[in-house]
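Below: the structure, in structure tokens.
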Amino acid sequence: MYNLLTDSFFPVLLRSGYRSWICASELLSLSGEDDDFPVEFAWPRADFNIAAHELALGIAQLALDLRDEDVWEDLWAAPLSRPAWEERLRPFVPAFELGGDSPRFLQAFEPLDGAPAPVEALLIDTPGQNGQKKNADLLTHRARFPAFGLRAAAMALYTLQAFAPSGGAGNRTSMRGGGPLSALVVPLAADGAPQPLARRLLANLVPMRAPKPERLAAALPWLAPTLVSDKTAGRQVHPHDGDVEALQVYFGMPRRIRLVVSEERGRCPLSGEEEPLVTDFVQKPWGVDYGPTWQHPLTPYRQQNETSEPFSLKAKSGRLSYRDWVGVAIGAEDQRLARPAEAVRLARGLRRSDLMPEGAAEPRLRVGGWAMNNMEAIAYLFAEEPLHLAPTEAEQKALDDLARRFAEAGSMAASCLRRALKSALFGDGASVALDKGVLDAAGATFIATAEAAFHAGLAGFLADPAQNEEAATRRFLGALRKAALAEFEERAPVPLDKPEDAGRIVAALSRLQSDLSGRTGAGKKLFGMLRLPEPQRNKATTEEPA
């Protein structure tokens, strides 16, 4: 009916600006330098485009046998041609049919009966039944899409399976939990222009053994009866189990779904193409229950302690703050507690010279993921930030340490700002939460304002690590001070006609200034985080309260 490997499944934006549809072998092969090559996926939804990267990478990992980093280096130096990719993909073509009587891509092996659901419910931002009953779909709306074209339906299905949030009783989350972040390395040409999309995919491949032909169903779970997870016969599935392959990390099936393909053709509201339509799908609960030991190579993780299970980093809102960047790009000093995605870790380590040869522009870091509130989507985070690659391992370690200190200091300064605003607006004794309402909003705005200074400080350090660490640190502290004072004055202007309120606000502002100048207990901690010497006090100056 339609095949994801041999038919033109992927919409792409070409270097010329035109949009085109290409098949998997075209997507993965590199064209000549003068060709009009693809530079981006071109779905009209950011979550589809992030998921398209993951799907394409899963297909590439399936077709390759990346036993170790040496194999990756050979592939990076001499990418496969389109005929070579077609040859590599050929054995897997039967597994990627979207319809018909054979096993269907990412759909339950066995036919499902039950009441059909509208196809738009595959979208993570379509409000659930509870939200619709309460008419709570103000930011996420129902009844937007009566049908999808077959390709858009398949992309929505993959996106849901890969990032599935909590979906009610028996409807499993993705193997990364609900709303996980996905992080991708984006290599650039020497002039900063986009490299071919195929290069980006190659940059995010990781060493992973391909399954033997007889073990294909252990990697592609729709080729065999579903490992249901109900209370009678269910169990958790782990990557070390004998009946699964590690590559299933790209093709998880937490949801038991079968698409209902209409016999009619029509124009897809997402792709704009005339094609077979999908109006509904049937879903049964108790799909595959993936245990916590699965770790996706494109997702950052953290742990509460050395013995706890890792959990994926989640989007908190629709933006990536510089504090979030630290978690996604470099993790904690003890990588057992917080570590970046495997593809990002390799880019910042073993692959540094391959991805950024002499004279090349620095790669970027692209991050995407749904911010969720239980079962409801709040916002989609899509961000692209510098990756900050240093030329040597020692300089990279020093830069990463500096970034962690900057992030820690930013959090401390935000705390000082919120405490000062609480005192100014409500009084010291008021029972007001620092992480809610106007105080939380002030902290978030402050962090956003200091974003550019964070990345500029790291870039400045890289320009001359031997000379620039203290200079970069002082510039960042100056930016924190300026942003915090501006936010305080915006939120708590001094009312000249109310002396009592004015006195309280001025006192709170004075305390904030002392915090940010290192003259209080909190200020000394701030300077200590940044490894700056405590400022020398003028003997004639009155001592600030601790």
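Please treat every number below as a calculation from the coordinates, not as lab data. Computed from a prediction, not measured in an experiment: that's the story for all the values here. Cβ placement follows ideal geometry from the backbone for every residue including glycine, while neighbour counts extend to all protein chains displayed.
Which cross-chain or sequence-distant (5 or more) residues have an amide H under 5 Å from the amide H of Ser262, H modelled 1.01 Å from N in plane?
The list, which skips near neighbours in sequence, is Leu277, Val278, Thr279.
As I understand it, the dipole of the chain uses +1 on the Cβ of Lys and Arg and -1 on the Cβ of Asp and Glu, about the Cα centre. Which of Leu112, Ala361, Leu98 lies farthest toward its positive end?
Checking the options against the dipole of the chain, the answer is Leu112.
Please check which bits of the range 280-316 a label hung off His240 would reach, taking the label as a point 7 Å along Cα-to-C-beta and the cut-off as backbone N under 20 Å.
Under 20 Å, as judged by backbone N against the label point of His240, lie 289-297, 301-312 of the range 280-316.
All other residues with a Cβ under 15 Å from the Cβ of Ala169 taken together, and with Lys, Arg as +1 and Asp, Glu as -1, what is their net charge? Intermediate results must be reported in sequence, preceding the final value.
Numbers: positive: Arg172, Lys231, Arg255, Arg256, Lys284; negative: Asp230, Asp289.
Within the 15 Å Cβ shell, the charges total +3.
Cα centroids of the range 397-420 and the range 172-208: how far apart, whole angstrom?
Taking the Cα centre of the range 172-208 as reference, the centre of the range 397-420 is 28 Å away.
Of Gln467, Leu270, Gly410, which is farthest along the charge dipole of the chain in the positive direction, counting Lys and Arg as +1 and Asp and Glu as -1 at C-beta?
Final value for the positive-end residue is Gly410.
Given (i) 65, 30, 19; (ii) 46, 29, 21; (iii) 41, 25, 24 as candidate values of semi-axes √(5λ) of the Cα gyration tensor in Å, which corresponds to the one derived from the coordinates?
After the calculation, the listed value that fits is (ii).
Starting from the Cα gyration tensor of the range 360-439, take the square roots of the eigenvalues, sort them a ≥ b ≥ c, and report rounded, prolate or oblate (rounded when a/c is under 1.5, otherwise prolate if a/b is larger than b/c, else oblate).
oblate
What is the dipole size for the range 392-529, taken about its Cα centre, with +1 at each Lys and Arg Cβ and -1 at each Asp and Glu Cβ, in debye to the nearest 20? Mind dumping the intermediate values first?
Numbers: 18 positive and 19 negative charges, 89 e Å.
Here the range 392-529 has a charge dipole of around 420 debye.
What 222 nm value per residue comes from the helices of the chain, counting each DSSP H run with n ≥ 4 as -39,500 (n - 2.57) and dividing by all residues, nearest 500 deg cm²/dmol? Please list the in-between numbers first.
Working: 17 runs with 202 residues, N = 546.
Taken over the chain, the calculation gives -11500 deg cm²/dmol.
Just in the range 411-467: which trypsin sites (Lys or Arg not before Pro) are loop by DSSP and have at most 11 other Cβ atoms within 10 Å?
In loop regions of the range 411-467 (DSSP not H, G, I, E or B), the sparsely surrounded trypsin sites (Lys or Arg not before Pro) are Lys436.
Any idea what the dipole of the chain comes to, in debye rounded to 20, about its Cα centre with Lys/Arg Cβ at +1 and Asp/Glu Cβ at -1? Display every interim value, and only then the final one.
Numbers: 62 positive and 71 negative charges, 360 e Å.
In debye, rounded to 20, the chain gives about 1720.
Could you tell me whether the range 337-493 comes out rounded, prolate or oblate from its Cα gyration tensor? Rule is a ≥ b ≥ c as square roots of the eigenvalues, rounded for a/c under 1.5, then prolate if a/b exceeds b/c, otherwise oblate. Write out the running numbers ahead of the final one.
Details: a/c = 2.78, a/b = 1.60, b/c = 1.74.
In terms of gyration-tensor shape, oblate.
Quick one: putting +1 on the C-beta of Lys and Arg, -1 on the C-beta of Asp and Glu, what dipole do you get for the range 358-416 around its Cα centre, in Debye to the nearest 20?
Details: 5 positive and 10 negative charges, 36 e Å.
I would put it at about 180 debye.
Would you list the membrane-span-like helices of the chain, meaning whole DSSP H runs whose alpha-carbon atoms span at least 24 Å along their axis and whose mean Kyte-Doolittle value is at least 0.0?
Working: long enough: 46-63 (26 Å, 0.91); 393-426 (49 Å, -0.13); 465-491 (40 Å, -0.72); 499-516 (25 Å, -0.06).
Answer set is 46-63.
How much length is gained on full extension from Met1 to Arg475, taking 0.36 nm per residue of separation minus their Cα-Cα distance?
Numbers: separation 474, 0.36 × 474 = 170.64 nm, distance 6.05 nm.
Net length gain for the segment: 164.6 nm.
Need one word for the range 299-347: rounded, prolate or oblate. Basis is the Cα gyration tensor (sqrt eigenvalues a ≥ b ≥ c); a/c below 1.5 gives rounded, then a/b vs b/c decides.
Working: a/c = 1.86, a/b = 1.31, b/c = 1.42.
Oblate, since a/c reaches 1.5 and b/c is not below a/b.
Looking at Gly349, Gly318, Ala246, which one has the Cα that reaches farthest to the positive end of the dipole of the chain (charges on Cβ: Lys, Arg +1; Asp, Glu -1)?
Gly318
At most 13 other C-beta atoms within 10 Å and a DSSP loop state: those are the exposed GluC sites (Glu not before Pro) I care about. Give me the longest piece of the chain that has none.
Numbers: sites that count: Glu33, Glu306, Glu333, Glu358, Glu543.
It works out to 34-305.
Please work out the Cα center distance from the range 498-540 to the range 238-286, rounded to the nearest Å.
After rounding, the separation between the Cα centres reads 57 Å.
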